[in-house]
Amino acid sequence: MNVGVKFKSRNSQDGYRGRTAAEVKRVSKYHTHSIPLDMEDIERDYDKPIVEACIAAKTSLIVRVGMLELGAGTGSFRVREMMHRIAYPMGVHVRADVNLTDIEATCTDGVSRITEVVDLPTTGVNTERIWLLEHFADWLSVKCGQAGTYHTMTVVSRELVDNLDEPNVYAAARKAVKEVLAQDQDAAKALKDAVATAVHNEDEISQSRIDAAAIDTRTAAGLGTVGSTPRSEDSKDSKAASASADTVAKDSNSSAAGSATSQGRESEAERPASPEPQAAGGITVRQAHERLDLIERRKPLYSPLFSGFASAVACAAFVFLLGGGPYDMAGAFIGAGIGQWVRRQMLGRRINQFFATGVAVIIAALACVGTLRLVGIFDPVALRHDTAYIGAILFVIPGFPLVTGGLDIAKLDFPSGVQRITYAFSIILVATLGGWAVARMVMLNPQGFEPMNLSPWLMAGLRMIAAFCGVWGFSVLFNSPQRMALVAAVIGALTDTMRLEMQDLLHVPPEMAAFLGAFLAGMLATVWRSSVRHGLLPPHLGYPRISLTVPSIVIMVPGLYMYRAMFYLGQFNTLNALDWAFRAFMVIICLPIGLVTARVLTDRSWRYDV
């Protein structure tokens, strides 16, 4: 779900200067929570380079990026990190209090200080926006003359952010990466031939200077080490080595040196834009806001109809992993597909999120029951699959806020963590009440799924396929691009299959199996990101960890436990209700603990309190 970012300012009354009374009355009536960018201090520096702008103009960018990140559903620790990454190239220090739907940030540049309070009207999940904001932060950093921190190739972020208004922006970015890699290979080959000839004629060229020249050639092709900025001494040595190599090559009249020079000129002419860091302040405040406008206004990647299909696939796979058979999967497929389509239509019209969830759950459950009753006319066995309706409403499970809430608490951010978990349990409460209402209306008595009695090897294979499809479906619901969804699906297929097989074959308790599954998901996501950073995988596949880990473990959330707890509670069977509720609670808290453990072992910023 896309969430429009809206702001309000402590000094918003300044935005009314020069307006008529009717305009002020209209603004007051239709409250938009917005920071007016036409305020005098911001508007005065709107076309200035960022590093030369006033603190108000810089803060407008920092806080807006934070709200876009928060509106995409990520945790407060990532919001703060993103705001710091935006503030650092501008020479600004930022301190922010981040909650579920609001931010209070104080920014200072050492001379002036300003505080902004902004909020969102609602919340949601948009993993594509999380990814694009990572690229925007790198793009802004390079434009301000700093080194990138997210990708080894700044051309990836440059192409994505500069071409956000193009329909095939991802294809353009991949093409640019391939071109740069090809240029790098040609330049490296030419340099190798030139240096070989130079060494043959001038033995006094040291190996260290040859290596320095190679580093300069790699940098010229748009490659480099993440977050590294060469020291001035190294730069001087590199330039000296390059000059020396060129001089020796000219003296020897080497054809290889001539080839290197010509290919270097051709590469420079064909390159669309230089990936080198620009001069400080090379982008204006207006240009940065225009890029953020494109990110904020991007439509969802998938239509309500396709989103409904993904929900149907995810819930059908979820039901199989819970032990359901073909009839259970068919009922869940129909119910979840219709329910998610209705939910998307209502949220697209900005209907209250809790009301939309309740209506979607009731429609999904009724559609599932109706489908099985219709099939029961031809095969009475379908009438015994009462538990299938629970699977049809699992698409509303708030896995993102559940997991990010736990991560926030692990980072000692209790206000944000408690708010996220409270929000998640509120959604669960509305959904389970809707499911219980349907069960009472049509006299359902869910007792679990009937065992299918398949061989262990066949069951393991089918579980892997189902987990892959389920995670792919949930990733689509989170608005992940297809490649990101497929990577998350592979991670989920491995981790969820391992979790279920440990429960069946090794009799590992569900809580411990959930912890190990989430831990493995976190480690695999870290390996993926590390492989991209070290060039083992294409740089355009460097997705944020949270966009891979959370979709891959959402399918481990014990939705069946939670719905059965509410069913028994509705029957005033408190002992069974508490039993299922505590089973669900133990599994839920083990999922973020598994992710946190993986981050502590692989991420220094999580391992130490700094």
Looking at the stretch 461-483, I want the residues that are within 17 Å of residue 73 (Cβ to Cβ) and touching a residue at least 24 places away in the same chain (Cβ under 8 Å) and have a partner that is part of a helix (DSSP H, G or I) and of a type in the set (Asp, Glu) with Cβ atoms under 7 Å, at least 6 apart or on another chain. Which pairs are those?
479/128; 480/128; 481/128
Checking the conditions here, which among 134, 69, 81 is within 16 Å of the chain's Cα centre (by Cα), assigned by the TED database to the domain that holds residue 173 and surrounded by fewer than 21 Cβ atoms within 10 Å (Cβ to Cβ)?
81
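To keep it simple, each residue is scored yes or no on (1) of a type in the set (S, T, N, Q); (2) at pLDDT below 90; (3) surrounded by fewer than 18 Cβ atoms within 10 Å (Cβ to Cβ).
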| position | (1), (2), (3) |
| --- | --- |
| 569 | no, yes, no |
| 578 | no, no, yes |
| 584 | no, no, no |
| 587 | no, no, no |
| 590 | no, no, no |
| 609 | no, yes, yes |
Pairs needed: first member in the stretch 490-518, touching a residue at least 24 places away in the same chain (Cβ under 8 Å) and under 17 Å from residue 545 (Cα atoms); second member anywhere, surrounded by fewer than 23 Cβ atoms within 10 Å (Cβ to Cβ) and among the aliphatic types (A, V, I, L, M); C-beta distance under 6 Å; at least 6 residues apart or different chains.
491/524; 493/464; 495/520
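Within the stretch 430-481, how many residues turn out to be among the hydrophobic types (A, V, I, L, M, F, W, C), closer than 18 Å to residue 383 by Cα and crowded, with 17+ Cβ neighbours inside 10 Å?
First, the residues of the stretch 430-481 that are among the hydrophobic types (A, V, I, L, M, F, W, C): 430-431, 433, 436-439, 441-444, 449, 452, 454, 457-460, 462, 464-469, 471-472, 474, 476-478.
Filter once more, so that each one left must be closer than 18 Å to residue 383 by Cα: 438-439, 441-444, 449, 452.
Restricting the remaining residues to those that are crowded, with 17+ Cβ neighbours inside 10 Å gives 438-439, 444, 449.
So the answer is 4.
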Residue set 298, 343, 349, 291; condition modelled with pLDDT of 95 or more, of a type in the set (Lys, Arg) and within 25 Å of the chain's Cα centre (by Cα); output residue 343
Quick check on residue 325: is it touching a residue at least 40 places away in the same chain (Cβ under 8 Å) and either surrounded by 24 or more Cβ atoms within 10 Å (Cβ to Cβ) or not assigned by the TED database to the domain that holds residue 446 (or both)?
no
Output the residue which, of all residues in the stretch 553-604 that are polar (S, T, N, Q) and in contact (Cβ under 8 Å) with a residue 24 or more places away in the chain, is nearest to residue 492 (Cα to Cα).
597
Screening 40, 69 for residues that are out of contact with any Cys (no Cβ under 6 Å at 6 or more places or on another chain), of a type in the set (D, E, K, R) and at pLDDT 85 or above leaves only 69
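The values are calculated or read from the model by the stated rules, or taken from the named source; none is laboratory data. Since the structure is predicted, the reported quantities are computational estimates derived from the model, not experimental observations. Neighbour counts are summed over all protein chains in view; Cβ atoms, including those assigned to glycine, are modelled from backbone coordinates with ideal geometry.
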